[in-house]
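Participant: Structure below; questions to follow.
The values are calculated or read from the model by the stated rules, or taken from the named source; none is laboratory data. Predicted model only: the values in this text are computed from it and were never measured. Every residue, glycine among them, receives a Cβ derived from its backbone with ideal geometry; neighbour counts consider all protein chains shown. SASA here: full protein model, heavy atoms, side chains in, ligands and nucleic acids out. Shrake-Rupley method; radii C 1.70, N 1.55, O 1.52, S 1.80 Å.
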Amino acid sequence: MALTKTPQEIEIMRRGGAILSRALAAAAALARPGAIIRDLDAAAEASMRAEGAAPAFKGYQTAPSDPPFPSTVCISVNQEVVHGLGNRGLALREGDIVGLDIGCWYQGLCTDMAITVPVGKVSAEDRALMDATRAATLAGVAAAKVGNAIRDISAAVEGSISAASGSASGGKPHGYGIVRALVGHGVGHKVHEAPQVPNYVSPLYRNVKITDGMCLAIEPMVTRGGWQVKTAPDEWTVVTVDGSRAAHFELTVACTEQGTEILTPWPVGY
Ligand code: MG
């Protein structure tokens, strides 16, 4: 599969990304104390379907033998990092932080985005974690340009978190953990395409050149503790090993000779 998209394909992804952003806003607006997770999921799905898009994660399988993902939104609460099941009857509580990760298909092309939202009033530490993860996403986007390579994005995300991490821990290093087991990715023709976009610099990943028409999902996952994660017994939800809380933000961008464009703008206020 081609790593790049045509201008026509990018135009479709731009429209799909706007639909996706509105669906995410519909879910986020419901994230209040007492809200039931599956109601957020239903609101997002109804919103995108009303605009002619379809969920990209619902029914998704990592391998044919794996259970299909059950919901439109991955809803991950507190120590859950990503891939939390959005069809749960779980009620949100004051002080929770909730990752909302959503993807859609629109006219044959996929876009992918995420935010982490507070439920009611959250602690200053959790607020700082969310702010740092959001800022790291934007730092990655700023490095995602034609002529750079994927490792420039990784370095920008890692550098942004390292700087925030130092201030969060009173100057001690490693105040935050950057999740390593999961990475950003190319997106468009499939939910996950090459190249992989790690949130830290590692020689284990190919340092692919960013070329005209490349569409990338940049998605730092950051914890208030260690980087280690494991999969919960439901076979989907990724949680921190040390129980620390995590945040996740994500944007789909198109990198072209004209510049880099965010195709999935975060809802206003998040
Ligand atoms: Mg993604």
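Participant: Which of the following residues is crowded, with 18+ Cβ neighbours inside 10 Å and either over 18 Å from R224 (Cα atoms) or within 16 Å of the ligand (Cβ to nearest atom) (or both): V98, V141, V146?
Facilitator: Details: V98 fails: either over 18 Å from R224 (Cα atoms) or within 16 Å of the ligand (Cβ to nearest atom) (or both); V146 fails: crowded, with 18+ Cβ neighbours inside 10 Å.
So the residue among V98, V141, V146 that is crowded, with 18+ Cβ neighbours inside 10 Å and either over 18 Å from R224 (Cα atoms) or within 16 Å of the ligand (Cβ to nearest atom) (or both) is V141.
Participant: Among the residues of the range 255-264, are any over 21 Å from V179 (Cβ atoms) and open to solvent by less than 20 Å² (accessible area, probe 1.4 Å)?
Facilitator: Just the residues of the range 255-264 that are over 21 Å from V179 (Cβ atoms), to begin with: 255-263.
Now drop any that are not open to solvent by less than 20 Å² (accessible area, probe 1.4 Å), which leaves 255, 263.
Yes, because at least one residue in the range 255-264 is over 21 Å from V179 (Cβ atoms) and open to solvent by less than 20 Å² (accessible area, probe 1.4 Å).
Participant: OK, next. Identify the residue in the range 173-215 that is away from the ligand (no atom under 16 Å from the Cβ) and within 20 Å of K5 (Cβ to Cβ) and, among all such residues, is surrounded by the most Cβ atoms within 10 Å (Cβ to Cβ).
Facilitator: Kept after step one, since they are away from the ligand (no atom under 16 Å from the Cβ), are these residues of the range 173-215: 173-177, 200-204, 206-213.
Those still in the list that are within 20 Å of K5 (Cβ to Cβ) too: 206, 208-213.
Values: R206: 12, V208: 17, K209: 13, I210: 22, T211: 14, D212: 14, G213: 19.
So, considering only residues that are away from the ligand (no atom under 16 Å from the Cβ) and within 20 Å of K5 (Cβ to Cβ), the one surrounded by the most Cβ atoms within 10 Å (Cβ to Cβ) is I210.
Participant: Tally up the residues in the range 231-254 that are away from the ligand (no atom under 16 Å from the Cβ) and either open to solvent by 10 Å² or more (accessible area, probe 1.4 Å) or farther than 18 Å from T116 by Cα (or both), please. Quick ask: steps written out before the conclusion?
Facilitator: The first filter runs over the range 231-254 and keeps only residues away from the ligand (no atom under 16 Å from the Cβ), leaving 231-235, 239-245.
If we keep only those that are either open to solvent by 10 Å² or more (accessible area, probe 1.4 Å) or farther than 18 Å from T116 by Cα (or both) too, we end up with 231-235, 239, 241-245.
Residues meeting the conditions: 11.
Participant: With in contact (Cβ under 8 Å) with a residue 24 or more places away in the chain and within 30 Å of E257 (Cα to Cα) as the only criterion, which of D96, D66, D101, D41 stands out? Give the steps one after another, and end with the answer.
Facilitator: On the way: D96 fails: within 30 Å of E257 (Cα to Cα); D66 fails: within 30 Å of E257 (Cα to Cα); D41 fails: within 30 Å of E257 (Cα to Cα).
One residue alone meets the criteria, D101.
Participant: Taking only the range 85-95 into account, find how many residues are under 15 Å from W236 (Cβ atoms) and either surrounded by fewer than 20 Cβ atoms within 10 Å (Cβ to Cβ) or within 14 Å of the ligand (Cβ to nearest atom) (or both). Spell out how you get there, then give the answer.
Facilitator: Within the range 85-95, the first condition is being under 15 Å from W236 (Cβ atoms), and the residues that meet it are 85-88, 90.
Within this subset, residues satisfying the condition of being either surrounded by fewer than 20 Cβ atoms within 10 Å (Cβ to Cβ) or within 14 Å of the ligand (Cβ to nearest atom) (or both) are 87-88, 90.
Number satisfying all stated conditions: 3.
Participant: Which of the residues belonging to the range 107-130 are within 16 Å of the ligand (Cβ to nearest atom) and either without any contact (Cβ under 8 Å) to a residue 60 or more places away in the chain or under 14 Å from W266 (Cα atoms) (or both)?
Facilitator: Matches in the range 107-130: T111, D112, M113, A114, I115, T116.
Participant: Return yes when V81 is part of a strand (DSSP E or B), away from the ligand (no atom under 16 Å from the Cβ) and either modelled with pLDDT of 95 or more or open to solvent by less than 50 Å² (accessible area, probe 1.4 Å) (or both) and no when it is not.
Facilitator: So V81 fails the test.
Participant: While we're here: Out of the residues in the range 4-19 that are over 19 Å from the mean Cα position of the chain (by Cα) and of a type in the set (V, I, T), state the one that is least open to solvent (accessible area, probe 1.4 Å).
Facilitator: The residue in question is I10.
Participant: Moving to a separate point now. What residue, of A31, A50, A27, A44, is closer than 28 Å to M214 by Cβ and hydrophobic (A, V, I, L, M, F, W, C)? Write out each step before concluding.
Facilitator: Details: A31 fails: closer than 28 Å to M214 by Cβ; A50 fails: closer than 28 Å to M214 by Cβ; A27 fails: closer than 28 Å to M214 by Cβ.
One residue alone meets the criteria, A44.
Participant: Right, here's the next one. Is it fair to say A56 is surrounded by fewer than 23 Cβ atoms within 10 Å (Cβ to Cβ) and either away from the ligand (no atom under 16 Å from the Cβ) or more than 25 Å from D242 (Cβ to Cβ) (or both)? Give the derivation first.
Facilitator: Numbers: surrounded by fewer than 23 Cβ atoms within 10 Å (Cβ to Cβ): no; either away from the ligand (no atom under 16 Å from the Cβ) or more than 25 Å from D242 (Cβ to Cβ) (or both): yes.
Criteria not met by A56.
Participant: Name the pairs: first residue in the range 239-260 and at positive phi, second residue away from the ligand (no atom under 16 Å from the Cβ) and outside any strand (DSSP E or B), Cβ to Cβ under 6 Å, at least 6 apart or on different chains?
Facilitator: Within 6 Å, the pairs are G243/Q79.
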